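Quick notes on the structure that follows.
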Amino acid sequence: MGLSAHYSPIALAMEDNPLRPNWAMHRPGLISLAYGFPDAESFPFQELKEATAHLMDARTADALQYGPVSGPEPLRRFIAEWVNESEGLAVTSDNILVTSGASQAIVLATRLLVPSGGVVIVESPTFIGALWFLRGLGVRVRGVKTDASGIDPAALRELVQTLRSEGHEVSLVYSMPTVHNPVGFNAPVQRRRELAEVAEELDLLFIEDDAYGDLIYEGHRPRSMYSVAGSDRVIKLGTFSKLVAGGMRLGWAIAEPDAISRMCALKADSATGPFAAWVTSEYLLSGALAERLPSLRTLYRKRRDAMLRELHPLKELDCEWFSPVGGFFVWLRLPSGLDSEAIRGKAETNGVTYLAGHHCFADSADRRHIRLAFSYLSEEELRVGTRRLVETIRAAVLENGLG
Ligand SMILES: Cc1ncc(COP(=O)(O)O)c(C=O)c1O
């Protein structure tokens, strides 16, 4: 019989993750626009080496010992100061929980706030990873209508009322109002206020996932939902994955101290990798991040622009997209009649792949969008990959008589 006869219903319900490494990334000749990885060339190799040497020379036992679940105090203090400075918050280390990436923070915040069998509302589209984490927790996930400014407040009110009238427990909304993944917009502050009003009216809570707020290339970072709707309605998440190195697996949750304690109780893992946390902390305390940010923004902005330039011919073919304000992705809409998953095979034959957009929707119904990452590849690879994509779409348009 083996183990498979005993797999849990949740495990059996999980499909194969389309972004699982090895899938497309390492096929020779295939350019993958699927992965939202940070640029590897610019990892701070030397600085992290020095930080490690410094900690080991000083025989910093805390870096090699089990640690407090909430994370090392110097790192929590750094995060608090960082968000206070960059976002105008007024938090202390008591408001900070260090997690294994923002990924784990999504899971912990959901476990804190949603009973089993409860419903979590997500944007349409949303971050593919969040769908995976939420499904893995066995909660139900429902998408709410989202426009270029974020969640539609009226649609949110209606969805919550409908779900509640059907007997569902629903109070949590997972949202990315700042540099949304995959669409790349910032929700205006007015929209945030309207959503905060709906939250007051219907007693809703938000997970505000702010993975890219430090990587805005145009305009300013809007006021966070954490400050607009208040800390009694919002748990705010961040990550060092895009700013330092994804392999450190370090993110954080910002919440009221009591919520932090409860999440620590749920986490109960004797701390997220103390070694990575102490090395990263040592690096950050040198002031390196503030120095590094301008060049990171320039790097990713240039890559975004390189991709956008190559996409230009698709305007004539009724494709739609807009320039993301920050982050790692362009969200492209195909002309009516084209199916993003159906043409992926052709794209791969032409030497390029991407994430078909239906993976980013709770109901998987959308077949017209594709998510393109510009963060990971060199400008030259991006140009070649995007050209291959443009040719694939052009051929599909002609083949389907849409031209
Ligand atoms: C919006 C968003 N949230 C969270 C994550 C997870 O990041 P981490 O590496 O910190 O787990 C990502 C990573 O791609 C992301 O895009």
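Bear in mind that the values in this text are calculations on the coordinates, not laboratory data. The shown structure was predicted, so the numbers you read here are calculated from the model rather than taken from an experiment. Backbone-built Cβ (ideal geometry, glycine too); neighbour counts: all protein chains shown.
State the three equivalent ellipsoid semi-axes of the chain, derived from the C-alpha gyration tensor as the square roots of 5 times its eigenvalues, in descending order and whole Å.
Whole-Å semi-axes of the equivalent ellipsoid: 33, 27, 21.
For region 60-289, what does the relative contact order come out to in percent, with C-alpha contacts under 8 Å and a separation of six or more?
30
Kindly put 236, 267 in sequence by how many other C-beta atoms sit within 10 Å of each C-beta, fewest to most.
267, 236
Under 21 Å between alpha carbons, and skipping anything fewer than 8 positions from residue 315 in its own chain: which lysines qualify?
Filter leaves 302, 346.
To the nearest 20 debye, what is the magnitude of the charge dipole of the chain about its Cα centre, counting +1 on the Cβ of each Lys and Arg and -1 on the Cβ of each Asp and Glu?
It works out to roughly 640 debye.
Per residue Cα convex hull volume for region 200-346, in cubic angstrom?
Value for region 200-346: 203 Å³ per residue.
Fewest Cβ neighbours within 10 Å first, please rank 179, 144 accordingly.
Ranked by crowding around the Cβ, least crowded first: 144, 179.
Quick one: which of 307-316, 199-208 comes out on top by average Cβ neighbours within 10 Å, and what's the full order, highest first?
199-208, 307-316
So for the chain, averaging the separation of alpha carbon pairs under 8 Å that are six or more residues apart and normalising by length, what relative contact order in percent results?
23
Taking the number of other C-beta atoms within 10 Å as the exposure measure, put 249, 371 in order starting with the fewest. Show your work: numbers first, answer last.
Values: 249 19, 371 24.
Placing the least packed residue first, the sequence is 249, 371.
May I ask what percent, to the nearest 5, of DSSP beta bridges between residues of the chain are antiparallel?
Antiparallel bridges make up about 50 percent of those DSSP assigns within the chain.
Can you give the calculated 222 nm mean residue ellipticity of the chain, where each DSSP H run of n ≥ 4 adds -39,500 (n - 2.57) and the sum is split over every residue, rounded to the nearest 500 deg cm²/dmol? Walk me through the numbers on the way to the answer.
Working: 13 runs with 161 residues, N = 403.
Only helices count here, giving -12500 deg cm²/dmol.
For region 60-289, give the magnitude of the charge dipole about the Cα centre (Cβ charges: +1 Lys/Arg, -1 Asp/Glu; no others), in debye to the nearest 20. Before the final figure, lay out the partial values.
Details: 20 positive and 27 negative charges, 98 e Å.
Using only the charged Cβ atoms, the result is roughly 480 debye.
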